[in-house]
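A.B. asks: This is the structure I have questions about; it appears just below.
The values are calculated or read from the model by the stated rules, or taken from the named source; none is laboratory data. Just so it is clear, the structure is predicted and the values come from calculations on it, not from any experiment. Cβ sites come from the backbone with ideal geometry, for glycine too, and all protein chains shown count toward neighbours. In case anyone asks, the SASA skips ligands and DNA or RNA and just uses the protein heavy atoms, side chains included. Shrake-Rupley method; radii C 1.70, N 1.55, O 1.52, S 1.80 Å.
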Amino acid sequence: MEAKSGLFAGSLNSNELVVIQKQNEPKAVKNLDGQDCEICGDSVGRTVEGDLFVACEECGFPVCRPCYEYERKEGSQNCPQCHTRYKRIKGSPRVEGDEDEEDVDDIEQEFKMEEEKYKLMHQDNMNSIDDDDTKYREQPLYSHSIGENYGAKLDNKEKTDEWKQQGNLLIETDAVDPEKAMKDETRQPLSRKVAIPSGRLSPYRMMVVARLILLLLFFEYRISHPVPDAIGLWFISVSCEIWLALSWIVDQIPKWFPIDRETYLDRLSVRFEPENKPNMLSPIDIFITTADPIKEPPLVTANTVLSILALDYPANKISCYVSDDGASMLTFEALQETAEFAQKWVPFCKQFSTEPRAPEKYFSEKIDFLKDKLQPTYVKERRAMKREYEEFKVRINALVAKSMRVPSEGWSMKDETPWPGNNTKDHPSMIQILLGHNGGDSEGNELPSLVYISREKRPAFQHHTKAGAMNALLRVSAVLSNAPFVLNLDCNHYVNYSKVVREAMCFFMDIQLGNSIAFVQFPLRFDSLDRNDRYANKNTILFDINLRCLDGIQGPVYIGSGCIFRRKALNGFDPPKASKRSRVVQVHSKQDENEEDGSIIEATDEEKQPLQLDKDTENKFGKSTLFMNSSLTEEGGVDPSSTQEVLLKEAIHVMSCSYEDRTLWGYEVGMSYGSIASDILTSLKMHTRGWRSVYCMPKRAPFRGTAPINLTERLNQVLRWAVGSLEILFSHHCPIWYGFKEGRLKLLQRIAYINSTVYPFSALPLIIYCIVPAVCLLTDKFITPSVGTFASLVFISLFISIFASSILELRWSGVSLEEWWRNQQFWVIGSISAHLFAIVQGLMGRFLGRFNAHFNIVSKAPDDDGEFNELYTIRWTVLLIPPTTVTIFNIIGIVAGFTDAINSGEHEWGALIGKLFFSSWVIAHLYPFLKGLMGRQNRTPTLVVIWSVLLASIFSLVWVRIDPFVLKTKGPDVKQCGISC
């Protein structure tokens, strides 16, 4: 194909072809502004004649050609708006059902391609070429592509010859150039947006609108019908309802545009891993943070490190850095053992393509060797490797046992040198390269590098906990390896999908869209949870709903782990300015770079311009010439003239305590300081600068880890998140007004950030609303007057709409009903306990200055005995008081309500039912808390205990009221006779 024919993007596998830029393409006219695809958000583009592309001739619903062709081939073949069947447009492949259409616009080209396809298949069969060698040897791509069902498919070559004899076609039989077909493959997009099917999303949106209308009718009735004899209860309840309704609206608005994404790893490999050529995949630095070897066991950290070193990615492009903020010799020695074991584990994983690549999880999975018919070599190697891992665990456990007996003079290393970190709060910087790219395993295979660091700690300096450790890692890695991308993982989150880095590179390395992406966030999944997930540790509402919805706006927020960043974004630079679409030239290979050299140089100069114009780099990055030069390098990499001794000396310098003084670290550079929730604050600043983020959900969970299953630990975790959100709300980074001057933060994204910072305040109306039912039962009052037919219909309809909108939300998201219910339960539990105390701490810290939030490490040790002892362990904390009080209050109210109804007569039972419903609603939401509070109870179900006590109290009161053993005497009616007793 000649260069003047223009740039095309296509795929031999997915049968897609997109004209990205044609020679002398006419410029877009002004009146076409806003013609973006309603499915993926890209421009709808133009046809081969230069006209605006219109997919549906009936309604003109704007859809781009890739989405149009995908809908015709894989979808319903109908327009999303008018549901009219799409007609075939010139230049698009035929699909089943197009035979009856009378358009023969490019039938010559069609048969020409079929002939070439037949010739190629025939030639390949004669030469006995296997499938792997022939998957790229198909027909050359033109203004359209050929699929398996393309048009009136020819059954054999005779039909083609028959057409040739009739003079209808002029068939060219030129040989197919495999290099040209490969080049066309390299022009395909690496990822695409996949819209949620309208059949699932539209009913959900309609129900949300219906729920909003019913809310307006509900509040119109509630405000216009006060309760005269309980005006206080009425006012408080209406105020709480208004606040909770507003919080629901703020939470619901960003959920309007959920999307999914699809990546093409085969295209990434074809484009950046050509045969017999250097690998062009981008290097990546991976950060692991740990601080306490007791709460974060070394074996857990070792498994995370091993899963990283065994990633399905070029070994010379991976550098793993472990930050030990506890300066523990136990962690250091455990990593030394890990580096030695990795020389055996990494080759085994890559030889047999094992999943997952964390040995503890891998060997815990049961494999039926006879059923799967695995190779005897694999079975033998697996058994040998399992023995090696068991010995490795013995050595790690011996180190743990040794660390329990601390010598009086402190720890010493093997050469009798005192361990520099004996004083964990006052020690110098430490760094050691445990594995280097020059080293390898026993067979000489290259391994990723592994570096241990422990930044300097001095009592007079503020160290900023995890955010400070991340910034130290960012500087050290820039000096030693300086990869353009960095992956952040907690020490308990191992890699469960070895191709996860490739998934992210499908977004970052896309020339057209990747330059504006700051980070790719992945979902986190958790092991070692109880079967019912009592305390909603899975967080499926966050990972499977909220983040997917944000991905349809400006991108998800950073959640603290499982995220791959662009180093340029972390260094505080703005994204490159978007050029006009008509001038974009997409280049995907080195050959394309040579052909379009002028365009590339112009784009690169524009991107580098802000770096060259920055005159305050020293005040911004600190006094390290080597680090500043690395930070200003677009493609990453380290100066090859620098020796390893010079690099290590500079690494020690950049992680010293005083390096960040009088710099912008933590404010405009690196992870942000000023809040425990530094992850949310960091992503807020990036989005405000104009960066985008991407949420990637591969079919296999990319990362898995452990979560706190103890009630106290879980509440403390929720408390820390809530305090961090309030710190952002009360700071000058408050998302209500932060970044308005720049104007780069989208409105819906701003609303999402506002919701992520104000949500703890829902605890105030919620705890009041949980107490109101008990007050009504004790005082024999109610928050509403006697309702009529219309009001009853509104109340019932609103109640139904709440459940219907939730069910429809679960339908499009794939979240189970049980997971949703657990999330609702723990939302109530966390709100009336952790969120309530977070408000108190946040207000005291903001206005009184008497409280400083501390970063408390949550225990990440797995439950080895399998009996979930941590689940039933009770560790008393003040956070347990409010839910316990609310529960007891409601139980007393139910008992008092029954007693009052029995004493008052049958006419009181109707009003009692409504009051009992609300109290039962509160107790049902607090049930997991009560179950955790009561412990095992000799394995007696907690529900039986609660209802036994409740029913026993009610039946006792009824028995006292009846009193069958007392003789009833008859006498005069004092009310009728007027006798005063």
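A.B. asks: Rounded to the nearest 0.05, what FRET efficiency do E818 and K402 have when you use their Cβ-Cβ distance and R0 = 30 Å?
C.D. replies: Details: r = 44 Å, r/R0 = 1.48.
So the FRET efficiency works out to roughly 0.10.
A.B. asks: Taking the Cα centroid of segment 693-747 and of segment 809-843, what is the distance between the two, rounded to the nearest whole Å?
C.D. replies: 14
A.B. asks: Further question on the same structure: Report the calculated FRET efficiency for M413 and K350 (r = Cβ-Cβ distance, R0 = 45 Å), to the nearest 0.05. Provide the component values of the computation, followed by the final result.
C.D. replies: Working: r = 33 Å, r/R0 = 0.72.
The calculated FRET efficiency here is 0.85.
A.B. asks: What FRET efficiency comes out for the pair S76/D266, r = Cβ-Cβ distance, R0 = 35 Å, nearest 0.05? Display every interim value, and only then the final one.
C.D. replies: On the way: r = 27 Å, r/R0 = 0.76.
Efficiency computed from Cβ-Cβ geometry: 0.85.
A.B. asks: Which parts of segment 779-806 would a label at E220 reach, counting a residue when its backbone N lies under 16 Å from a point 7 Å out along Cα-to-Cβ?
C.D. replies: 788-798
A.B. asks: Something else about it: How much length would be gained if the chain were fully extended between D251 and Q462, taking 0.36 nm per residue of separation minus their Cα-Cα distance, in nm to one decimal? List each step's numbers first, then the result.
C.D. replies: Details: separation 211, 0.36 × 211 = 75.96 nm, distance 3.54 nm.
Full-extension gain reported as 72.4 nm.
A.B. asks: Across segment 354-362, in residue order, what do the Karplus-derived ³J(HN,Hα) couplings come to in whole Hz, using 6.51 cos²θ - 1.76 cosθ + 1.60 with θ = phi - 60° and x for Gly and Pro?
C.D. replies: Values, residue by residue: 6, 9, x, 10, 8, x, 4, 6, 5 Hz.
A.B. asks: I would also like to ask the following. What full-extension length gain, to one decimal in nm, is calculated for R811 and L798 as 0.36 nm per residue of separation minus the Cα-Cα distance? Could you put the intermediate results ahead of the total?
C.D. replies: On the way: separation 13, 0.36 × 13 = 4.68 nm, distance 1.97 nm.
Full extension from R811 to L798 adds 2.7 nm.
A.B. asks: Please work out the average accessible area per residue across segment 34-95, using the 1.4 Å probe convention, and give it in Å². Please list the in-between numbers first.
C.D. replies: Values: 2880 Å² over 62 residues.
On a per-residue basis, 46 Å².
A.B. asks: Can I ask one more? Would you please put 421-428, 625-632, 770-777 in order of how densely packed they are, using the mean number of other Cβ atoms within 10 angstrom per residue and starting with the highest?
C.D. replies: Details: 421-428: 15.0, 625-632: 19.1, 770-777: 23.8.
Packing order, densest peptide first, comes out as 770-777, 625-632, 421-428.
A.B. asks: Turning to a different aspect of this structure: Using the Kirkwood radius over Cα pairs, work out the Stokes-Einstein diffusion coefficient for segment 34-95 at 37 °C and 0.692 mPa s, in µm²/s as a whole number. The partial results should precede the final answer.
C.D. replies: Values: Rh = 11.5 Å.
Calculated translational D: 285 µm²/s.
A.B. asks: Could you order peptides 461-474, 503-516 by the average number of other Cβ atoms within 10 Å of their residues, highest first? Before the final figure, lay out the partial values.
C.D. replies: Values: 461-474: 21.9, 503-516: 20.0.
Listed from highest to lowest mean packing, they are 461-474, 503-516.
A.B. asks: Using the per-residue mean of other Cβ atoms lying within 10 Å as a proxy for protection, in what order, highest first, do the peptides 520-527, 895-902 fall?
C.D. replies: Working: 520-527: 23.0, 895-902: 18.9.
The densest-packed peptide leads the list: 520-527, 895-902.
A.B. asks: Each label point is 7 Å from the Cα along the Cα-to-Cβ direction; what then is the distance between the points at D900 and M844, in nm?
C.D. replies: The two pseudo-label positions are separated by 3.6 nm.
A.B. asks: Within segment 624-646, name every residue whose backbone N is under 20 Å away from a label modeled 7 Å from Cα of N515 along the Cβ vector.
C.D. replies: Of the residues in segment 624-646, 631-637 have backbone N under 20 Å from the label point off N515.
A.B. asks: Quickly work out the D426-to-I874 label distance, labels modelled 7 Å from Cα along the C-beta direction, and quote it in nm with one decimal.
C.D. replies: 4.3
A.B. asks: Also, I was wondering about something else. Once amide H atoms are built 1.01 Å from N in the peptide plane, which residues 5 or more positions from L487, or in another chain, come under 5 Å H to H?
C.D. replies: Under 5 Å from the amide H of L487 lie the amide H atoms of D285, I286, F287, F565, each far enough along the sequence or on another chain.
A.B. asks: Subtract the Cα-Cα distance of L664 and I367 from 0.36 nm times their separation in residues, and report this length gain in nm to one decimal.
C.D. replies: Values: separation 297, 0.36 × 297 = 106.92 nm, distance 5.25 nm.
Using 0.36 nm per residue and subtracting the Cα-Cα distance, I get 101.7 nm.
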